[in-house]
Amino acid sequence: MIYDAVIFDLLTALLDSWTLWNEVAGSADDGLRWRRRYLELTYGCGAYRPYEVLVREAAGDSGLPESLGERLEHRWDELLPWPEARQVLTALPIPLGVATNCSMLLGRRAAQRVGVPFKAVVTAESVGFYKPRPEPYRAALAALGTAPARTLFVAGSASDVPGAKAVGMPVYWHNRIGLAPSDKTRPDYLEPTLDKLAQLFSAG
């Protein structure tokens, strides 16, 4: 076996959170602007500030009503996994974990939307820091009891590539919507879907 475990980014690598944010915002352009500002806030704050507060602040900073934050929380259970996610993850013969930038409550709810069991669900709130700080990745590794070099990280956002690589994990970047890299760090695998992940393990 190539790896002993897989850790996933949750809200981008496994779930189509983009569509929900866009629907709540009212358009793809507003949703993207809101989401980008939210990412700037999380990456900039480092130590955990309540996820729900950052989402509301990001809406206001983007010229949108802060009440969109509450609307997003209300519709959180509408998050859908990417079409191939359940089949691919069910086929993986090793422990699976999650490291996600949100609150414990929303992280648990989002993980349930994937529809497969995870051995560990680590959130920014439970660790006290947001990715790409090293603490969330290390906490997920500790929960799974696996070494970084033997644990594949499946990134959804660009910042997870250097974040996970910095703690020694190989990275599969599921770049579904064609995001630009955040720096010169290269993932070990770059794919537009999760399908090659299953092939990787079947080949191993």
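Being of a type in the set (Lys, Arg) and not in a helix (DSSP H, G or I) is the filter; apply it to region 183-204 and report the residue that is nearest to the chain's Cα centre (by Cα).
ARG186
Hey, among ALA124, ALA180, ALA164, which residue is within 24 Å of TYR38 (Cβ to Cβ) and touching a Pro at 6+ places or on another chain (Cβ under 7 Å)?
After ruling out the rest, the residue left standing is ALA124.
Within region 68-76, does at least one residue satisfy the condition of being charged (D, E, K, R), surrounded by 15 or more Cβ atoms within 10 Å (Cβ to Cβ), part of a helix (DSSP H, G or I) and within 16 Å of the chain's Cα centre (by Cα)?
Among the residues of region 68-76, not one is charged (D, E, K, R), surrounded by 15 or more Cβ atoms within 10 Å (Cβ to Cβ), part of a helix (DSSP H, G or I) and within 16 Å of the chain's Cα centre (by Cα), which makes the answer no.
Every residue, every condition in (1) touching a residue at least 12 places away in the same chain (Cβ under 8 Å); (2) among the β-branched types (Val, Ile, Thr); (3) under 27 Å from PRO192 (Cβ atoms), yes or no:
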position	(1), (2), (3)
ASP16	yes, no, yes
LEU20	yes, no, yes
GLU52	yes, no, no
PRO65	no, no, no
GLU73	yes, no, no
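Can we say THR19 is modelled with pLDDT under 95 and in a helix (DSSP H, G or I)?
Here the answer is no, as THR19 does not meet what is asked.
For region 183-204: of the residues being modelled with pLDDT of 95 or more and hydroxyl-bearing (Ser, Thr, Tyr), which is surrounded by the fewest Cβ atoms within 10 Å (Cβ to Cβ)?
THR193
Could you check how many residues of region 125-152 are in contact with a strand residue (DSSP E or B) (Cβ under 7 Å, 6 or more places away or on another chain) and either over 18 Å from VAL6 (Cβ atoms) or of a type in the set (Lys, Arg) (or both)?
Residues in region 125-152 being in contact with a strand residue (DSSP E or B) (Cβ under 7 Å, 6 or more places away or on another chain) and either over 18 Å from VAL6 (Cβ atoms) or of a type in the set (Lys, Arg) (or both): 4 in total.
Any residue at all in region 98-112 that's surrounded by fewer than 18 Cβ atoms within 10 Å (Cβ to Cβ), assigned by TED's automatic domain parsing to the domain that holds PRO192 and either in a loop (DSSP other than H, G, I, E, B) or touching a helix residue (DSSP H, G or I) at 6+ places or on another chain (Cβ under 6 Å) (or both)?
yes
Go through (1) more than 14 Å from the chain's Cα centre (by Cα); (2) basic (Lys, Arg); (3) modelled with pLDDT of 95 or more for ARG109 and report which single condition fails.
The number of the failed condition is (1).
The values are calculated or read from the model by the stated rules, or taken from the named source; none is laboratory data. In this text the structure is predicted, and so the values were computed from the model without any measurement. Cβ coordinates were reconstructed from backbone atoms using ideal geometry, including for glycine residues, and neighbour counts include every protein chain displayed.
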